[in-house]
Amino acid sequence: MSELGLDQKNEIALRNSILETNAKNRLKDLLFKRLCDSGWKSRVKKRCIEIIRTEDENNTKLDQLEDEVLAYGREIIPEDVKIELLQQISDLLDETK
């Protein structure tokens, strides 16, 4: 039986802490609120409409639409939102130590 690496132990501890403290829902709610506040949601919606209108002639498949929108959505997440969420996760990790 091999020993778990430090990163694996931290990951397991973080997952357990997230589950025990309901942090997952809090993080998810925070992310959704920050994305909505930043205009991200409306930008993604607008991009979906653009894709559907321009690609309609090419019979865009749902999988293609999903791939393009997911890539676009990830690309435009504001840096301050990423930093805030990473800080929240880091704080959770510190609490589990």
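Every read-out reported here was derived from the displayed coordinates using simple, explicitly stated rules and does not represent laboratory data. Since the structure is predicted, the reported quantities are computational estimates derived from the model, not experimental observations. No Cβ is skipped: glycine too gets one built from the backbone with ideal geometry, and neighbour counts run over all protein chains shown.
Note on region 46-86: residues that are assigned to a helix (DSSP H, G or I) and either among the basic types (Lys, Arg) or in contact (Cβ under 8 Å) with a residue 60 or more places away in the chain (or both) amount to 5. Of all residues in region 29-61, those being under 15 Å from Gln88 (Cα atoms), of a type outside the set (A, V, I, L, M, F, W, C) and either surrounded by fewer than 11 Cβ atoms within 10 Å (Cβ to Cβ) or touching a helix residue (DSSP H, G or I) at 6+ places or on another chain (Cβ under 7 Å) (or both) number 2.
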